[in-house]
Structure formats: structure tokens, C-alpha cells
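The values are calculated or read from the model by the stated rules, or taken from the named source; none is laboratory data. These figures come from a predicted structure and were not determined experimentally. Here the Cβ is made from the backbone with ideal geometry for all residues, glycine too, and neighbour counts use every protein chain on show. The accessibility values were calculated without ligands, DNA or RNA, using every heavy atom of the protein model including side chains. Shrake-Rupley method; radii C 1.70, N 1.55, O 1.52, S 1.80 Å.
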Amino acid sequence: MANIGWKSIKGIPLIFTLIWIVGFASALHFLDKSVIAFLGILFSIILIYYTNSSKMVRMILGAAVLLLIIPLVAGDNRYYMEVASQVGIYVAMALGLNIVVGFAGLLDLGYVAFFAAGAYAYAIFSTSQANQFIPGELFPLTGDWFWPFLIVGLIVAAIFGILLGLPVLRVKGDYLAIVTLGFGEIIRIIFNNLDKPINITNGPQGITPIPQPELFGIKMSTPFYFYFIVLFVIIFIVIANIRFEHSRLGRAWVAVREDELAAQSMGISLLNTKLAAFATGASFAGVVGVIFAAKQTFIDPTSFTLMESIGILVMVILGGSGSIPGVILGAAFVTVLQVQLLKEFSNFLHSLQQSGIINLPNQLDPSKFQRLIFGVMLILVALYRPNGLIPAKRKKNDLDAIRGSKYSGGKLGILSKLQGKES
């Protein structure tokens, strides 16, 4: 029954989607910090995905909402743009983890280590911290170096991904999860203690001030600019995900995910395939790490804990492992839930408490039940939507058309050679 109800969502009339967008865009413009208005304009992306229209019309509508409506309507509101930038950062990381977990089927609980690698790569060399171990007083760098460091962060994180992939090729399943969990914790502890004997990361005190990006003399220090930076990175990652999904390498990842032994017997190299998955997923996290460091202007090891990895994994599983739109939905939903909904609900209850309407103990503060809510959500998804909110679409071949093709009558491969010898 749940599947029938979900399928009925498909085919939303175009006029309904347009009215929805206009209505919530107006609410976003006139209301200062409206949770409902912000959620409504974000939910319009899902409505566009299910709108009964051509692919080109849906792409134009999505681009209009993301590139025009949100910046024009909410661009002056720092609160809205901050939340949108935060959502974008986690969407980009979830799309990177989707390659490892969704496409290749490799359970990675240390994904935040690659995020940290990119962040520290930019933080160390863009500040005077690099002068601690590189002579010549060449640092700090200006914000113009942010753009080349997007590539540097990608390469550094990809190297970390290969270093993780090499020792874990012989393990899978639960053992793989344990090994990647340990790798993530090892990287965090190394960054936490790498202030002695040579001060590279400044240890638990962190690194600050990290320069924010500059372009043609314009300092991009507001959430408005970071919104566009994150948005274009997401577009790049989505295009890369789509290209990988339908490529030979993407099909090899799916084959390894379904059955490693069968994939190996078909000539797929497990070594190269798994290393490519780890390196590709890690590289996207490295790029996002550079953006995160520049946005926060301060990083320390507490920003890269195990709970961050688990949170990103929840986004992938909740949205639909292997599904690009599903992962985007899961990441946006979880981020808005923890960044906006729970905090706003907590502030609302505190305002009622100050007015004397209710008496709420601190132990019942909704913001403290974040992990409990995540657990309940995962249980409900496992029971009623085991493949995620938007399951991955599997390509279906028409067997009758294949049987009727001109290639079905003759023998192919080794059979044709044997037939030729017999004749």
C-alpha cells in the first residue's frame, strides 16, 4: 500500500508546481525567518522532479528556483542563505559517499577523514601555519588561492582514498565498516596530535584565520557567495555521478556491489574497481572540505568526528542508496532537520516556557534528541521504504526485442568459433 501511495505522487500537474513555487517564494520574501516558507521552496525541487512535463521544462524550472528565485528572494537574508549553504555542503558530501556506498556497495564509516584532508590542506597552506615547517615566510596566501586549492583538495583526498582502499581490499561487509571506522578515527587523532614535534596542524587549538575566497578583487565572505560556490560544485558532482553511473566503470561498481565473485569471473579487476570508487568518492569530499574551511574560517579536529560520517551515511540510506535524486533529498531533509527544524522547535518551546505557558525540563529539549530522531527515521525507512525515499532506478531490457534482433540467431563468442570448427 505504501508503494502504491508513493507512485501516485508521480505526474503532478505543471500548474500546481508553478503555483507552489510562486506562493512559497512570496512567503520567503515577506517572512524573515519562516521555517515553513524555506522548507516549501526547498520542497519545490522535489515537486519539479515529479512534475508531469518534459525533462527540459523540469530542468529549466529547477535552474530557475536554484539560480534565480532563491538568490533574488532570500539573497539579502543571511539566515536563509546560511542554511542553504549548509544544506549544499552536506548534499555534495552525500553524493560523494553515494559512489562508495551506493554504486560500489562498500560500507564506509570513515568518510569524514577525506573531508578533513581537504579542509586541512587549504587551512594549513593558506595561513601562516605553513611557516612552522616551511622556511621562507611564504605564507599566508590570499583568497585568490582558494580556487586552485579546490583541485589540490581533490587530489589530496583522492590520495587518502587510495591509501584507505589498499589495505581493505581483502575485507568486506562488517569488517570493511570496522576498518574504515578505524581509519577515520586515526586521521582525526593524527590531526589532533600533529603539533609535536613539528607543528603542522596546530593540534586541538585548530587553525585560524583561514582566508575566504576572492575573485577579481571581490571578497566572497557572505553566505550569498558561498551558496553559489556550493551550488556549482553540486552541479559538477551530479554530472560526474550521472556520467559514472552509465559508464563502464559505473557498471563495474554495480557488478562488484551485487556479487564480487561473479564480477571477478567476468574479468573485472576488484583492485582497480574498488580503488577507483574510494578515490572518486574521497575526491569530492576533499573539494567540499576546502569550501567548508574557507566558509568557517576556523577548523579543528572536533569538526571531523565519527558522528559526521554516520550522519552522511544516514543521508544516503534515507534518500536511497545508489539514487542521485534520493541522496539529494535525504541530505537536504536530514540537514534541515538538524540545522533548522529542531532548533526552531526548541526555541519555540523555550519562548512558551518564558511566557509561563509550559514548564519544560532541560532534559526534554528537542535539540538533544537529534540522534534518537535519526534512529527512529531509519527504522521507519527500513520497514516501509527499504530502498529509500526515492529508490534507484534499474535499467530494464526488453527480452522479446532482444530475442527478435538480428544478433539472436547466430552464435557469438566462443560458441561461434566452435561452430566454425565443426563445419
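Could you run through segment 380-394 and say how many residues are open to solvent by 90 Å² or more (accessible area, probe 1.4 Å) and part of a loop (DSSP other than H, G, I, E, B)?
Number of matching residues: 4.
Show the residue pairs meeting these rules: Cβ distance below 9 Å; 6+ apart or different chains; first residue within segment 366-379 and open to solvent by less than 50 Å² (accessible area, probe 1.4 Å); second residue of a type in the set (Val, Ile, Thr).
That search, which allows pairs on different chains as well, returns PRO366/ILE373; PHE374/ILE310; PHE374/VAL314; PHE374/VAL334; MET377/VAL314; MET377/VAL334.
Tell me yes or no: at least one residue of segment 132-142 is closer than 20 Å to PRO301 by Cα, open to solvent by less than 60 Å² (accessible area, probe 1.4 Å) and polar (S, T, N, Q).
No: zero hits.
Could you list, ordered by first residue, the pairs with Cβ atoms under 6 Å in which the first is in segment 45-73 and of a type in the set (Lys, Arg) and the second is assigned to a helix (DSSP H, G or I), at least 6 apart or interchain?
ARG58/ILE48
State whether one or more residues within segment 278-298 are assigned to a helix (DSSP H, G or I) and free of Cβ contacts under 8 Å to residues at least 40 places away in the same chain.
no
Just to check your reading of the model, which residue among LEU176, LEU163, LEU109, LEU97 is under 16 Å from ALA285 (Cα atoms) and either out of contact with any helix residue (DSSP H, G or I) (no Cβ under 8 Å at 6 or more places or on another chain) or at pLDDT 95 or above (or both)? It would help to see each step written out before you state the result.
Details: LEU176 fails: under 16 Å from ALA285 (Cα atoms); LEU109 fails: either out of contact with any helix residue (DSSP H, G or I) (no Cβ under 8 Å at 6 or more places or on another chain) or at pLDDT 95 or above (or both); LEU97 fails: either out of contact with any helix residue (DSSP H, G or I) (no Cβ under 8 Å at 6 or more places or on another chain) or at pLDDT 95 or above (or both).
It is LEU163.
Name the one entry in GLN129, GLN212 that is buried (at least 17 other Cβ atoms within 10 Å of the Cβ), assigned to a helix (DSSP H, G or I) and over 20 Å from the mean Cα position of the chain (by Cα).
Step by step, each of GLN129, GLN212 is checked, and only GLN129 is buried (at least 17 other Cβ atoms within 10 Å of the Cβ), assigned to a helix (DSSP H, G or I) and over 20 Å from the mean Cα position of the chain (by Cα).
Which of the numbered conditions does LEU106 fail, given that it passes all the others? Conditions: (1) under 22 Å from LEU169 (Cα atoms); (2) assigned to a helix (DSSP H, G or I); (3) among the hydrophobic types (A, V, I, L, M, F, W, C).
(2)
Can you tell me which condition SER346 does not meet? The list is (1) outside any helix (DSSP H, G or I); (2) at pLDDT below 85, and all the others hold.
With (1) outside any helix (DSSP H, G or I); (2) at pLDDT below 85 applied to SER346, the lone miss is (1).
Any residue in segment 197-211 that is closer than 29 Å to PRO71 by Cβ and modelled with pLDDT of 90 or more? Show your work before the answer.
Pass one, segment 197-211, residues closer than 29 Å to PRO71 by Cβ: 208-211.
Imposing the further condition that a residue be modelled with pLDDT of 90 or more reduces the set to 210-211.
Yes: one or more hits.
Any chance you could count how many residues in segment 349-365 are open to solvent by 70 Å² or more (accessible area, probe 1.4 Å), outside any helix (DSSP H, G or I) and under 27 Å from VAL314 (Cβ atoms)? Before you say what the answer is, go through the steps one by one.
The first filter runs over segment 349-365 and keeps only residues open to solvent by 70 Å² or more (accessible area, probe 1.4 Å), leaving 354-355, 357, 359, 362-364.
Right, trim to outside any helix (DSSP H, G or I) and you get 355, 357, 359.
Within this subset, residues satisfying the condition of being under 27 Å from VAL314 (Cβ atoms) are none.
Looking only at that region, the number is 0.
Would you pick out the residues in segment 184-201 that are part of a loop (DSSP other than H, G, I, E, B) and within 18 Å of VAL156 (Cβ to Cβ)? Walk me through it before giving the result.
Here is the first cut: in segment 184-201, the residues part of a loop (DSSP other than H, G, I, E, B) are 194-201.
Residues satisfying the conditions are LEU194, ILE200, THR201.
For residues that are more than 23 Å from the chain's Cα centre (by Cα), free of Cβ contacts under 8 Å to residues at least 60 places away in the same chain and in a helix (DSSP H, G or I), tally how many sit in segment 256-277.
So the count comes out to 6.
Which of the residues belonging to segment 299-315 are β-branched (Val, Ile, Thr) and either crowded, with 21+ Cβ neighbours inside 10 Å or assigned to a helix (DSSP H, G or I) (or both)?
ILE299, THR302, ILE310, ILE312, VAL314
Determine which member of the set ILE186, ILE151 is open to solvent by 80 Å² or more (accessible area, probe 1.4 Å), within 29 Å of VAL230 (Cβ to Cβ) and under 20 Å from the mean Cα position of the chain (by Cα).
Just one listed residue meets the conditions, ILE151.
Restricting to segment 215-236, count the residues that are open to solvent by 60 Å² or more (accessible area, probe 1.4 Å), out of contact with any Pro (no Cβ under 9 Å at 6 or more places or on another chain) and in contact (Cβ under 8 Å) with a residue 12 or more places away in the chain.
Qualifying residue count for the region: 1.
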